[in-house]
Amino acid sequence: MERTATRMLTVGLAALGAAVPPANAGSARAQDAGASAGSAAGSTTESGREAQDGTGARALIETLSARLLAAPSATAVLEAWCAERGLSPDPRIVAVRVPGPDKPAGADRRERLAVGPDEPVRYRRVRLTCGGHVLSEADNWYVPSRLTPDMNAALDATQAPFGHVVRPLGPSRRNRSLTMLWRPETGGLPGPGEPLFSVEAVLTAGGVPFCEVAETYTGAVLIQGER
């Protein structure tokens with residue numbers, strides 16, 4: 001499975017010519033990379049380029065996707081990105097619930113989460129926003145018995161991002177796939193609501209999986225605001 005995941009990540013980023021981080025991005029080294037994602041000099045140089053054409057957009061997508069694959073928290077990466085791009089004076093990420101039918105966890109997902117057919121698995125769909133910008137949409141399937149009561153209450157009743165809520169667990173992300181949805185050769189620049197790429201990952205704490213996420217990032221991440 002790890003070899004398959006590595007190949008999928010390689011194919012996704014190779015479509016844009018990006019370097020691929022290792023698939024075991026939940027390691028201590030990856031956590032260090034995630035913590036410094038907003039301050040690494042090389043990455044900052046790349047992400048500072050304006051998305052004025054397909055080449056500039058590609059550079060930004062490469063930078064953001066590589067940071068996400070290397071970090072234990074997508075929320076932390078997006079908040080650093082929001083601040084770096086000047087998307088809002090208050091670069092906090094807010095998880096706006098998306099109403100809709102529940103998506104039950106199938107047998108394959110339950111196997112990845114290491115739960116039986118009768119173990120409760122909750123579903124949460126949100127739009128992750130910074131200011132007025134929708135940066136991504138995320139589907140979360142999580143095992144409530146592996147979170148604290150306070151965490152479950154926050155996920156049920158607040159707009160706190162999943163990454164913020166579960167931060168005390170010290171989670172790691174095991175990337176499953178990265179799929180590029182936008183191609184520079186299509187011409188023009190992607191609009192703020194256009195999907196750019198998607199990431200699927202399993203979150204673990206102490207080696208125990210507790211959540212699977214499917215995230216789709218939009219063209220809003222390419223916007224340059226005030227800095």
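Six or more apart or on different chains, Cβ atoms under 8 Å: show the pairs whose first residue is in segment 122-134 and more than 11 Å from Lys103 (Cβ to Cβ) and whose second is hydroxyl-bearing (Ser, Thr, Tyr) and assigned to a strand (DSSP E or B).
Pairs found: Arg127/Ser136; Leu128/Ser136; Val134/Thr218.
Would segment 148-170 turn up any residue that is of a type in the set (Phe, Trp, Tyr), in contact with a Ser or Thr (Cβ under 9 Å, 6 or more places away or on another chain) and part of a strand (DSSP E or B)?
no
What number of residues within segment 78-99 are outside any helix (DSSP H, G or I) and surrounded by fewer than 23 Cβ atoms within 10 Å (Cβ to Cβ)?
First, the residues of segment 78-99 that are outside any helix (DSSP H, G or I): 86-99.
Now restrict to residues that are surrounded by fewer than 23 Cβ atoms within 10 Å (Cβ to Cβ): 86, 88-92, 94, 96-99.
Going through segment 78-99 one residue at a time, the tally reaches 11.
Could you list, in sequence order, the residues of segment 175-203 that are farther than 16 Å from Arg127 by Cβ and open to solvent by less than 20 Å² (accessible area, probe 1.4 Å)?
Answer for segment 175-203, where residues must be farther than 16 Å from Arg127 by Cβ and open to solvent by less than 20 Å² (accessible area, probe 1.4 Å): Asn175, Ser177, Leu178, Met180, Trp182, Pro190, Phe197, Ala201, Val202, Leu203.
Is it fair to say Arg124 is open to solvent by 50 Å² or more (accessible area, probe 1.4 Å), basic (Lys, Arg) and outside any helix (DSSP H, G or I)?
It is false that Arg124 is open to solvent by 50 Å² or more (accessible area, probe 1.4 Å), basic (Lys, Arg) and outside any helix (DSSP H, G or I).
Being at pLDDT 50 or above and surrounded by fewer than 22 Cβ atoms within 10 Å (Cβ to Cβ) is true for just one of Glu62, Glu46. Which residue is that?
Among Glu62, Glu46, only Glu62 is at pLDDT 50 or above and surrounded by fewer than 22 Cβ atoms within 10 Å (Cβ to Cβ).
I'd like to know if segment 216-225 contains one or more residues that are assigned to a strand (DSSP E or B), open to solvent by 30 Å² or more (accessible area, probe 1.4 Å) and under 24 Å from Glu84 (Cβ atoms). Let's see the steps before the verdict.
Let us first name the residues in segment 216-225 that are assigned to a strand (DSSP E or B), namely 216-218.
Applying the additional criterion that residues be open to solvent by 30 Å² or more (accessible area, probe 1.4 Å) yields 216.
Filter again for under 24 Å from Glu84 (Cβ atoms), leaving 216.
So far as segment 216-225 goes, yes, one or more of its residues are assigned to a strand (DSSP E or B), open to solvent by 30 Å² or more (accessible area, probe 1.4 Å) and under 24 Å from Glu84 (Cβ atoms).
The values are calculated or read from the model by the stated rules, or taken from the named source; none is laboratory data. Keep in mind it's a predicted model, so treat the numbers as computed, not measured. Positions of Cβ are generated from backbone atoms using ideal geometry, with glycine treated the same way; all protein chains shown enter the neighbour counts. Just so you know, the surface numbers come from the protein's heavy atoms only, side chains and all, with ligands and any DNA or RNA stripped out. Shrake-Rupley method; radii C 1.70, N 1.55, O 1.52, S 1.80 Å.
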